[in-house]
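Structure record follows, encoded as structure tokens.
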Amino acid sequence: MNKLVPIILAVGVAAACKKSDKPQAQPAPATAPAPTAAAPSAPPPLDPTNIVSIAVASKDHTTLVAALRAADYVTAIANPGPLTVFAPTDAAFAKLPAGTVDALVKPEKQADLKEVLKYHATTSVWEAKDLKDGMALGMSNGKKVTIKVVDGQIMVNDAKVLASVRASNGVVHVIDTVLLPPQ
């Protein structure tokens, strides 16, 4: 799922913040490169254990990586971090209404795509063991997600965390549902 890259970039955009017991949402300064009329660039050479490299190498995140490229967020997510990215699988994107992904990756919808991707990333490293029931995490777009833990299953809003992968610049939590920012 190449869609993980925009999320990772969105997280990279946010400045590194210290964890607290009750994290507060803090809008991240927009440091992603300005969109250009040219096609999105290929990812720069990366540390093979970087969040972007992990997403690019994943057969289950091709849509995410494509979205990151369309949003021109590859470089931003590749920053040193620390970042936590909630990475929807290709199957998660397939659950969206027909045509949603195709519409979001169009150049004229780049701002909307960036908002969705930024809602999947936050600063700091939040390992699975650190995610507690009832926590609210501030995401890179300034909105919050709610962590739920039900019978040991971690959920982010309504998305189940399927797996977690440590990266050199943070952590990736693979999720089964695309997080849509509140209006």
Legend entry - Alpha-carbon Rg with Dmax, taken over region 111-156, Å: 11.4, 37
Inset, instruction - First select every other residue whose beta carbon is under 10 angstrom from the beta carbon of G142; then total the charges, Lys and Arg +1, Asp and Glu -1. - result: +2
Legend entry - Relative exposure of T49, T84, judged by other C-beta atoms within 10 Å (fewest first): T49, T84
Legend entry - Kirkwood Rh and Cα Rg combined as Rg/Rh, region 97-178: 1.00
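Pairs to check: K132/K160; K106/K160; K106/K143; K59/K160. Give those whose C-alpha atoms are more than 21 Å from each other in this structure. List each step's numbers first, then the result.
On the way: K132/K160 14 Å; K106/K160 28 Å; K106/K143 24 Å; K59/K160 19 Å.
From the list (K132/K160; K106/K160; K106/K143; K59/K160), the Cα-Cα distance tops 21 Å for K106/K160; K106/K143.
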Inset, instruction - With +1 on each Lys and Arg Cβ and -1 on each Asp and Glu Cβ, and nothing else charged, work out how big the dipole of region 139-183 is about its Cα centre, in Debye to the nearest 20. - result: 160
Inset, instruction - May I ask you to derive the FRET efficiency for L180 and D47 from their Cβ-Cβ distance with R0 = 45 Å, giving the value to the nearest 0.05? - result: 0.90
Legend entry - Separation between Cα centres of region 126-183 and region 75-122, rounded to whole Å: 15
Legend entry - Dipole magnitude of region 60-174, debye to nearest 20 (Cβ charges: Lys/Arg +1, Asp/Glu -1, about Cα centre): 180
Legend entry - Inter-probe distance in nm under a simple model that places probes 7 Å from Cα toward Cβ, at K95 and D112: 2.1
Inset, instruction - Using a cut-off of 13 Å between beta-carbons, work out the net charge of the residues near R166 (Lys and Arg +1, Asp and Glu -1, R166 not included). - result: -2
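Bear in mind that the values in this text are calculations on the coordinates, not laboratory data. If you're wondering where the values come from, they're calculated on a predicted model, not measured in any experiment. For neighbour counting, all protein chains shown are included, and Cβ atoms are generated from backbone atoms with ideal geometry for every residue, glycine included.
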